[in-house]
(Lines give C-alpha, C1' and ligand atoms only; values in the text may rest on other atoms or scores of the structure.)
Protein backbone atom coordinates (compact mmCIF):
# COMPACT_ATOMS: atom_id res chain seq x y z
CA UNK A 1 0.00 0.00 0.00
CA UNK A 2 2.82 2.40 0.82
CA UNK A 3 4.28 1.92 -2.65
CA UNK A 4 1.08 2.96 -4.41
CA UNK A 5 0.70 6.09 -2.26
CA UNK A 6 4.28 7.08 -2.98
CA UNK A 7 3.83 6.45 -6.70
CA UNK A 8 0.57 8.43 -6.71
CA UNK A 9 2.27 11.33 -4.92
CA UNK A 10 5.17 11.29 -7.41
CA UNK A 11 2.77 11.19 -10.35
CA UNK A 12 0.82 14.11 -8.86
CA UNK A 13 4.03 16.12 -8.47
CA UNK A 14 5.05 15.25 -12.02
CA UNK A 15 1.64 16.37 -13.33
CA UNK A 16 1.98 19.67 -11.45
CA UNK A 17 5.44 20.20 -12.94
CA UNK A 18 4.16 19.43 -16.45
CA UNK A 19 1.21 21.80 -15.95
CA UNK A 20 3.61 24.55 -14.81
CA UNK A 21 5.88 23.96 -17.82
CA UNK A 22 2.85 24.04 -20.12
CA UNK A 23 1.78 27.42 -18.68
CA UNK A 24 5.30 28.81 -19.06
CA UNK A 25 5.55 27.55 -22.64
CA UNK A 26 2.19 29.13 -23.41
CA UNK A 27 3.32 32.46 -21.92
CA UNK A 28 6.55 32.26 -23.94
CA UNK A 29 4.58 31.60 -27.12
CA UNK A 30 2.37 34.62 -26.42
CA UNK A 31 5.45 36.80 -25.84
CA UNK A 32 7.05 35.57 -29.07
CA UNK A 33 3.82 36.17 -31.00
CA UNK A 34 3.56 39.70 -29.62
CA UNK A 35 7.21 40.42 -30.47
CA UNK A 36 6.78 39.08 -34.01
CA UNK A 37 3.63 41.15 -34.53
CA UNK A 38 5.43 44.26 -33.31
CA UNK A 39 8.38 43.52 -35.60
CA UNK A 40 6.04 42.90 -38.53
CA UNK A 41 4.18 46.16 -37.93
CA UNK A 42 7.44 48.08 -37.61
CA UNK A 43 8.76 46.63 -40.88
CA UNK A 44 5.47 47.42 -42.62
CA UNK A 45 5.54 51.01 -41.36
CA UNK A 46 9.18 51.45 -42.36
CA UNK A 47 8.44 50.03 -45.81
CA UNK A 48 5.49 52.40 -46.29
CA UNK A 49 7.61 55.37 -45.16
CA UNK A 50 10.46 54.35 -47.46
CA UNK A 51 8.09 53.97 -50.43
CA UNK A 52 6.53 57.36 -49.75
CA UNK A 53 9.92 59.05 -49.42
CA UNK A 54 11.21 57.35 -52.56
CA UNK A 55 8.13 58.44 -54.49
CA UNK A 56 8.55 62.04 -53.34
CA UNK A 57 12.26 61.98 -54.22
CA UNK A 58 11.60 60.59 -57.69
CA UNK A 59 8.93 63.24 -58.27
CA UNK A 60 11.35 65.99 -57.19
CA UNK A 61 14.08 64.59 -59.45
CA UNK A 62 11.66 64.42 -62.37
CA UNK A 63 10.63 68.03 -61.80
CA UNK A 64 14.29 69.08 -61.65
CA UNK A 65 14.99 67.25 -64.93
CA UNK A 66 12.07 69.00 -66.59
CA UNK A 67 13.37 72.35 -65.33
CA UNK A 68 16.86 71.56 -66.67
CA UNK A 69 15.39 70.48 -70.03
CA UNK A 70 13.46 73.75 -70.22
CA UNK A 71 16.59 75.76 -69.35
CA UNK A 72 18.60 73.86 -71.97
CA UNK A 73 15.90 74.47 -74.58
CA UNK A 74 15.78 78.18 -73.78
CA UNK A 75 19.57 78.50 -73.85
CA UNK A 76 19.76 76.67 -77.21
CA UNK A 77 16.90 78.64 -78.71
CA UNK A 78 18.63 81.90 -77.73
CA UNK A 79 21.84 80.60 -79.24
CA UNK A 80 23.90 81.17 -76.12
CA UNK A 81 24.73 77.51 -75.54
CA UNK A 82 27.97 77.77 -77.53
CA UNK A 83 28.90 80.99 -75.72
CA UNK A 84 28.46 79.26 -72.36
CA UNK A 85 30.45 76.22 -73.47
CA UNK A 86 33.30 78.45 -74.62
CA UNK A 87 33.13 80.40 -71.36
CA UNK A 88 33.45 77.26 -69.23
CA UNK A 89 36.24 75.83 -71.42
CA UNK A 90 38.26 79.02 -70.96
CA UNK A 91 37.82 78.89 -67.17
CA UNK A 92 39.35 75.41 -66.93
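The values are calculated or read from the model by the stated rules, or taken from the named source; none is laboratory data. If you're wondering where the values come from, they're calculated on a predicted model, not measured in any experiment. Note that we place each Cβ from the backbone using ideal geometry, even for glycine, and neighbour counts take in every protein chain shown.
So the values come out like this:
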| item | result |
| --- | --- |
| Qualifying position, being modelled with pLDDT under 95 and surrounded by fewer than 10 Cβ atoms within 10 Å (Cβ to Cβ), among 7, 11, 78 | 78 |
| Qualifying residue in the range 15-27 (condition: more than 44 Å from the chain's Cα centre (by Cα) and either surrounded by 10 or more Cβ atoms within 10 Å (Cβ to Cβ) or outside any helix (DSSP H, G or I) (or both)) | yes |
